[in-house]
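The values are calculated or read from the model by the stated rules, or taken from the named source; none is laboratory data. Keep in mind the model is a prediction, meaning the values are calculated, not measured. FYI the Cβ positions are ideal-geometry reconstructions off the backbone, even for glycines, and counts take in every protein chain you see.
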Amino acid sequence: MSELTRLAALDQLPAAGRSIEIVADRAERESVARRLELVSLARLEARMHLSHGPRRGIFILRGSFEAEAEQSCVVTFEPVPFAIDVPFERYFSLEKPNATAGVAPGTAGIPLGEVVVGVENEEPEPVFDPVLDVGEIVIEELSLSLDPYPRSPEAETVMQRFRGAEDEDEGGPFARLRRLRGNGS
């Protein structure tokens, strides 16, 4: 099970769809922070709408999430705070994966000449169980939104000092040792 499990039954989805709101509690935020290697996750909230897609067996999850968290700086290891508000849209299919084999993405089962707005070559993710964990999807979207190389404001200063130390080491790996021994050559 996911750190933020929120299940939505696709086979019981009303014709108008279903609105879903998630406000992660403290234990869930701590679990998500551990999984994503965050220093902390102070807030994680999502608002979504799960609806039927352009044809039977296709579902669309549209929404956004907000998060306030801290990542570790890749240079100084100091916490780097951030706040994000990210919209997302995901497509899911209860069809068997090979049911659409050889057909252009997003067009399986749609008559020629019919235009489907919103699918735009988005191949639906296959779902093998009629229950979708929308909490897991929020975690995936948060993970995709993280800065892969977060840097604190002090990171550039540290990097400049490091570069300066490298400049002093001109003359190969043993130049500093020669200077320490007093043997300049």
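Here's the yes/no breakdown for (1) within 30 Å of R43 (Cα to Cα); (2) at pLDDT below 70:
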site	(1), (2)
E66	yes, no
Y91	yes, no
L94	no, no
A108	no, yes
N121	no, yes
M159	no, no
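Could you list all residues from segment 4-39 that are surrounded by fewer than 14 Cβ atoms within 10 Å (Cβ to Cβ) and hydroxyl-bearing (S, T, Y)?
Within segment 4-39, T5, S19 meet the criteria.
Please count how many residues of segment 26-48 are over 22 Å from R151 (Cα atoms), assigned to a helix (DSSP H, G or I) and of a type in the set (G, A, S).
The total comes to 2.
List the residue pairs whose Cβ atoms are under 7 Å apart, where the first residue sits in segment 1-22 and is over 26 Å from R43 (Cα atoms), the second is small (G, A, S) and outside any loop (DSSP other than H, G, I, E, B), and the two are 6 or more positions apart or on different chains.
Within 7 Å, the pairs are G17/S51.
For the condition touching a strand residue (DSSP E or B) at 6+ places or on another chain (Cβ under 6 Å) and of a type outside the set (D, E, K, R), what is the one hit in L4, L41?
L41
Could you tell me whether any residue of segment 60-74 is surrounded by 15 or more Cβ atoms within 10 Å (Cβ to Cβ) and part of a loop (DSSP other than H, G, I, E, B)?
Among the residues of segment 60-74, at least one is surrounded by 15 or more Cβ atoms within 10 Å (Cβ to Cβ) and part of a loop (DSSP other than H, G, I, E, B), which makes the answer yes.
Please work out if R43 is of a type in the set (K, R) and surrounded by 15 or more Cβ atoms within 10 Å (Cβ to Cβ).
no
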